[in-house]
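The values are calculated or read from the model by the stated rules, or taken from the named source; none is laboratory data. Fair warning: this is a prediction, and the values are worked out from it, not measured in the lab. Virtual Cβ from ideal backbone geometry, glycine too; neighbours counted across all protein chains shown.
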Amino acid sequence: MQLKEQELYQPTDRRPIAARRWSIWQPIVAGIVKAGVSANSISVAGMVAGILAGLALALTSYQPDFARLAWLAAAFFIQLRLLANLLDGMVAIESGQASVVGELYNEVPDRVSDSAILIGAGLAIGGSPVLGCLAALAAMSTAYVRAIGKSVGAGQVFCGPMAKQHRMALLTVVATYLGIAPEDWHPDWFWLMSWQLVSLTLLLIIIGSLITAIRRLLRVVAHCRADHRHASQGCTDQHQGDHDAP
């Protein structure tokens, strides 16, 4: 019964990732499938990478002597998390493992990873715990609106400007810069309450995520209104046909 469900299930509304079309991934995915690695385990591995990225970010503040290494480790684990996000869906489809349960493995680890990384950034050198928590909530709101869109039949809306890949790209650039650049090059804007680069990055993520959530919500509302007009027009046409019938 479970096998039959998996064979019948076809994932829809996948996140549009251009890298999926790169030919380099085909032999890699085939090798993963041949090795018997499940898509769900890749999703969990991505969550572990996200948690490690958050811990590495926080470590920059609690162990400043190892800050450079921690920044670079954070950037590495963020990208490892994104790589897992890329491969899990490809492996699920290639191996025929796609299922409703797989959708949960695809979503829940993402939310954990987002929160761990953003809260970790808030605890990092130059960060703000409050901004880190607010960024995590703002990122959660983008996923929440996307899920609402799917539940009401509007499909999942993946528009930006601050979707998951944008948030992670921004943090990767900042972490890499802080891990490589001399300390004299680390910006420190005293006129902004002594906020440093990480705090401003979190603020940008908060604003961008809220804009993203609003854009997605407007698209969902527009779809629902279009469906309502279409349904109303259909009822009107049917009612008119009943009157015209002999």
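Could you tell me whether region 150-158 includes any residue that is modelled with pLDDT under 95, β-branched (Val, Ile, Thr), touching a helix residue (DSSP H, G or I) at 6+ places or on another chain (Cβ under 8 Å) and surrounded by fewer than 18 Cβ atoms within 10 Å (Cβ to Cβ)? Even if it seems obvious, please write down each step before you answer.
Applying the first criterion (modelled with pLDDT under 95) to region 150-158 yields 150-158.
With the extra rule that they be β-branched (Val, Ile, Thr), the set shrinks to 152, 157.
Filter once more, so that each one left must be touching a helix residue (DSSP H, G or I) at 6+ places or on another chain (Cβ under 8 Å): 152, 157.
After this cut, where a residue has to be surrounded by fewer than 18 Cβ atoms within 10 Å (Cβ to Cβ) as well, the list is 152.
There is at least one residue in region 150-158 that is modelled with pLDDT under 95, β-branched (Val, Ile, Thr), touching a helix residue (DSSP H, G or I) at 6+ places or on another chain (Cβ under 8 Å) and surrounded by fewer than 18 Cβ atoms within 10 Å (Cβ to Cβ).
Considering each residue of region 171-186, count those that are free of Cβ contacts under 8 Å to residues at least 40 places away in the same chain, of a type outside the set (A, V, I, L, M, F, W, C) and either within 18 Å of Ile205 (Cα to Cα) or part of a helix (DSSP H, G or I) (or both), and give that number.
3
With (1) under 22 Å from Val108 (Cα atoms); (2) modelled with pLDDT of 95 or more; (3) buried (at least 24 other Cβ atoms within 10 Å of the Cβ); (4) not basic (Lys, Arg) as the list, and Asp88 as the residue in question, which single condition is left unmet?
In the conditions (1) under 22 Å from Val108 (Cα atoms); (2) modelled with pLDDT of 95 or more; (3) buried (at least 24 other Cβ atoms within 10 Å of the Cβ); (4) not basic (Lys, Arg), Asp88 misses (2) alone.
Does Ala19 satisfy the criteria of being part of a helix (DSSP H, G or I) and at pLDDT below 90?
Values: part of a helix (DSSP H, G or I): yes; at pLDDT below 90: yes.
Yes.
Filter region 51-78 down to residues that are surrounded by fewer than 17 Cβ atoms within 10 Å (Cβ to Cβ) and of a type in the set (S, T, N, Q), then give me how many there are.
The total comes to 1.
What's the total number of residues in region 120-142 that are at pLDDT 95 or above and crowded, with 19+ Cβ neighbours inside 10 Å?
Count: 13.
Quick one: what pairs do we get from region 145-170, first residue closer than 19 Å to Gly208 by Cα, second of a type in the set (Asp, Glu) and in a loop (DSSP other than H, G, I, E, B), C-beta under 7 Å, 6+ apart or different chains?
Listed pairs, sorted by first residue: Gln156/Asp13.
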